[in-house]
Amino acid sequence: MAKFRRRTCIILALFILFIFSLMMGLKMLRPNTATFGAPFGLDLLPELHQRTIHLGKSFDFRKSDRINSETNTKNLKSVEITMKPSKAPELNLEELPPLNNYLHVFYYSWYGNPQFDGKYIHWNHPVLEHWDPRIAKNYPQGRHNPPDDIGSSFYPELGSYSSRDPSVIETHMRQMRSASIGVLALSWYPPDVNDENGEPTDNLVPTILDKAHKYNLKVTFHIEPYSNRDDQNMYQNVKYIIDKYGNHPAFYRYKTKTGNALPMFYVYDSYITKPEKWANLLTTSGSRSIRNSPYDGLFIALLVEEKHKYDILQSGFDGIYTYFATNGFTYGSSHQNWASLKLFCDKYNLIFIPSVGPGYIDTSIRPWNTQNTRNRINGKYYEIALSAALQTHPSLISITSFNEWHEGTQIEKAVPKRTSNTVYLDYRPHKPGLYLELTRKWSEKYSKERTTYALDHQLPVS
């Protein structure tokens, strides 16, 4: 009996030791910096932040060690792990749902790598300093070092690609086509002009147009705030775009209520230029009026603050868009304001284009900007934005963005990646194509709903 008890005690002791070892092992798997996420919905409530930073795209950013509930774990002693993209099968266009030309997505062609460009471009984005030196000293400085260290909190399935790579452009068009997106709004600078971290990209437009046409996509232009942009050089640049690209079958034109098919131009940071200057170009009585000329079009202004509504009217713009994917960051990007903005646009015969996004995280280039991070919540944030947009019965919807990786607004495929000092965010537990699938789902829903209300609102339906 005593021998039996001793054996039982030994077995029990070994069992307890096994359980203790297992629990310690599981604890070690949890990153030291892991935090509990905010309760669902809190990140989606609009917050009123005092605007102390310039809202232009020259506002490019970097990642922090602490990211609210989406955490980038730094300084992990681990081996590098990269998920290699699988070769995408060719799409049979006849098997896909119809494209939705009322759904636009912002697209960026500013990325480069040594194979195609002789160097990395944009992936090596600098970490931007805070304007207050007392705050800036608390954050890292310098540049990213691709291919493993890039200026993004996520990592592309295609790696640190070049926008000049024809296979990359083709893959992008295929992804958009699979998501039922009809129009890409191409970030555009005039010839020989570029953003402060990039190179000129106008020479890529012909290839982008050709690849877009292969998948029946259309291309419109998102005119960036190039240096000294004003009414005079805007006229010349619009003329250049229409003369050079206007006859391409992929060049986008929007059919207005009057039946005219006009080119559309999104004008980023339009508020920088005074309304009087815009009125010279965009009103029929303006000194450099583009109206009723071969270069007339639909010009869409960025609305950031509420007061911009009246500046946009005075300027002669044809509509507004909100761009930012951060609910609560600006008046225009706050979902709760979209209904009143739509009423304003209806009153003054403007096109209202709310911009929706899957989330926002720019701390890879602006590590001090964690307050504007918006957790993706496995796609819920994106779907809430899309639902809010549909409720306004908009003429068009824009998506921010297809591939603005610096600000973490991309719907392009992303994959898990871990290096010796960085763990990138990803879309798990879902697949890399999650946001393309969600876009396709909501594109079909939007197309059906728009058909029902288009006649009531006298909107074009083809």
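Table for the structure above
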{"read-out": "For VAL105, distant residues with modelled amide H under 5 Å away", "value": "VAL183, LEU184, ALA185, ILE399"}
{"read-out": "Theoretical gain in end-to-end length, GLU276 to SER167 [0.36 nm per residue, Cα-Cα removed]", "value": "34.8 nm"}
{"read-out": "Gyration tensor (alpha-carbon) shape descriptor, the stretch 102-457, a/c threshold 1.5", "value": "rounded"}
{"read-out": "Ordering of 292-302, 395-405 by burial proxy (mean other Cβ atoms within 10 Å per residue, highest first)", "value": "395-405, 292-302"}
{"read-out": "Lys pairs, the stretch 315-462 - Cα-Cα below 19 angstrom, 8 or more residues apart or on other chains", "value": "8"}
{"read-out": "Gyration tensor (alpha-carbon) shape descriptor, the stretch 269-365, a/c threshold 1.5", "value": "prolate"}
{"read-out": "FRET efficiency estimate (nearest 0.05) - Cβ-Cβ, TYR310 to LYS244, R0 35 angstrom", "value": "0.50"}
{"read-out": "Value of relative contact order over the stretch 133-211, rounded to a whole percent, pairs C-alpha under 8 Å and six or more apart", "value": "18"}
{"read-out": "Charge dipole (debye, nearest 20) of the stretch 319-388; +1 at Cβ of Lys and Arg, -1 at Cβ of Asp and Glu", "value": "80"}
{"read-out": "Test item: Cα-centred dipole of the stretch 102-457, Lys/Arg +1 and Asp/Glu -1 on Cβ, debye", "value": "880"}
{"read-out": "Accessible surface, the stretch 102-457, averaged per residue in Å² (probe 1.4 Å)", "value": "36"}
{"read-out": "Inter-label distance, nm, simple model (7 Å from Cα along the C-beta direction), SER285/SER387", "value": "4.7"}
{"read-out": "Protection proxy ranking, peptides 441-450, 179-188, average beta carbon neighbours within 10 Å, highest first", "value": "179-188, 441-450"}
{"read-out": "Förster-model FRET efficiency, 30 Å R0, GLU437 and ALA136, C-beta, rounded to 0.05", "value": "0.15"}
{"read-out": "Three-way shape label, the stretch 104-148, alpha-carbon gyration tensor, a/c 1.5", "value": "oblate"}
{"read-out": "Solvent-accessible area, 1.4 Å probe, carbon plus sulfur percent, for the stretch 102-457", "value": "47"}
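The values are calculated or read from the model by the stated rules, or taken from the named source; none is laboratory data. Treat the numbers as computed from the prediction; the structure is a model and nothing was measured. In this analysis, Cβ positions are derived from the backbone assuming ideal geometry, glycine residues included, and neighbour counts consider all displayed protein chains. Ligands, DNA and RNA are excluded from the accessible area calculation, which covers all protein heavy atoms including side chains. Shrake-Rupley method; radii C 1.70, N 1.55, O 1.52, S 1.80 Å.
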